[in-house]
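Visitor: This is the structure, below, for whatever I ask next.
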Amino acid sequence: MSIETERDWTGMKRVAQIVRMTLDAMEKEVRPGVSTAELNDVAATVFAAHGARSAPTLVYGFPGSALISVNDEVVHGVPGHRRLERGDVVKLDVTTEKDGYMADAARTVVVQGGSDEAHRLARCARSAFDKALGVATAGRRVSEIGRAVEQEVRARGFHVVRGLDGHGIGRTIHEPPAVPNYFNPKQTDLLTEGLVITIEPIISAGSGRAVEGGDGWTIRTADGRLAAHYEHTIVITSGTPVVLTAA
């Protein structure tokens, strides 16, 4: 969607704030011994307190309030009985709906300790986001975002997981345009003033190839290597984008 009215601004800011508060609350509970189901309960509690709903559940029937992926699980991990261990790489991904608006953000948390590779990978995902944010201005091609992400990821010795992209968002989870994390010369869409999109580097310490898990939801790295994910919902302007889910 594109921001067209003051109501749009208010609605998107409100739902984005709930996303941020949910991620903050979940991250505080990440520790050895906590289950992904318990982290999911934290998300559900924040949603209920603010009259919000899980957008993946609403749109796709996802069996959880938040998507929680661990280690080689890249995205779309289903909360359950798994308990976190020291050094685990945990991706917290929250997409929320309130009053007809949706926002999406994700972060990677390394549980107490963690390998050097795990920390470098998590930092790389965030750094790639920052690089992409710097080129996300009205009038530029969407493909410049992917170019910036992939250049940063490769420079740090990692790989983009292809086929898992950013996207437009606002009235539903996945709206045009697709925002790949690599340069695609066939992606000729232009960024326009007021456009709402996600930028979300999804990266791997290995080959970057992914496969679907047996539960029909979870996406894993094909080689079992660690993955990281960092995401915000932003609004395109003629200058610096507005990062809604960071406010």
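The values are calculated or read from the model by the stated rules, or taken from the named source; none is laboratory data. Since the model is a prediction, treat every value here as computed from it, not as a measurement. Cβ: placed from backbone, ideal geometry, glycine included. Neighbour counts: every protein chain shown. Heads up: the accessible areas ignore ligands, DNA and RNA and are worked out on the full protein's heavy atoms, side chains in. Shrake-Rupley method; radii C 1.70, N 1.55, O 1.52, S 1.80 Å.
Visitor: Net charge near THR10: determine it from the other residues with C-beta under 14 Å of the C-beta of THR10, scoring Lys and Arg +1 and Asp and Glu -1.
Guide: My count for the surroundings of THR10 gives 0.
Visitor: Between Rg and the Kirkwood Rh of the stretch 1-141, both from Cα atoms, what is the Rg to Rh ratio?
Guide: Rounded to two decimals, Rg/Rh equals 1.00.
Visitor: Report, by chain and number, residues whose modeled amide H sits under 5 Å from the one on LEU190, excluding near sequence neighbours (fewer than 5 apart, same chain).
Guide: VAL142
Visitor: I'd like the distance between the alpha-carbon centres of the stretch 1-35 and the stretch 161-234, rounded to an integer number of Å.
Guide: So the separation of the two Cα centres works out to 19 Å.
Visitor: For the stretch 85-96, what does the Karplus curve 6.51 cos²θ - 1.76 cosθ + 1.60, with θ = phi - 60°, yield as ³J(HN,Hα) per residue in whole Hz, taken in order and with x for Gly and Pro?
Guide: 10, 4, x, 4, 9, 10, 9, 9, 10, 10, 10, 10
Visitor: Calculate, for the stretch 41-151, the solvent-accessible area per residue in square angstrom, rolling a 1.4 angstrom probe over the heavy atoms of the protein chains.
Guide: Ligands and nucleic acids excluded, the figure is 39 Å² per residue.
Visitor: Right, another one. Give me, ordered by chain and number, the residues 5 or more places off THR233 or on other chains with an amide H under 5 Å from its own placed amide H.
Guide: ASP104, LEU244, THR245
Visitor: Would you mind calculating the gained length between ARG53 and ASP223 on full extension (0.36 nm times residue separation, minus the Cα-Cα distance), in nm to one decimal?
Guide: Extra length available between ARG53 and ASP223 comes to 57.8 nm.
Visitor: Same structure, new question: Need the list of lysines near LYS98 for cross-linking: C-alpha distance under 22 angstrom, and skip anything on the same chain fewer than eight residues off.
Guide: LYS13
Visitor: Separate question: Using a basic spin-label model with each label point 7 Å from the Cα along Cα→Cβ, how many nm lie between THR5 and TYR60?
Guide: 3.0
Visitor: How large is ³J(HN,Hα) for each residue in the stretch 210-219, as worked out from phi by the Karplus curve 6.51 cos²θ - 1.76 cosθ + 1.60 (θ = phi - 60°), to whole Hz, x for Gly and Pro?
Guide: Values, residue by residue: 10, 9, 7, x, x, 7, x, 10, 5, 9 Hz.
Visitor: Using modelled backbone amide H atoms (1.01 Å from N, in-plane), which distant-in-sequence or interchain residues come within less than 5 Å of ALA210's amide H?
Guide: Sorted by chain and number, the residues that satisfy this are ALA222.
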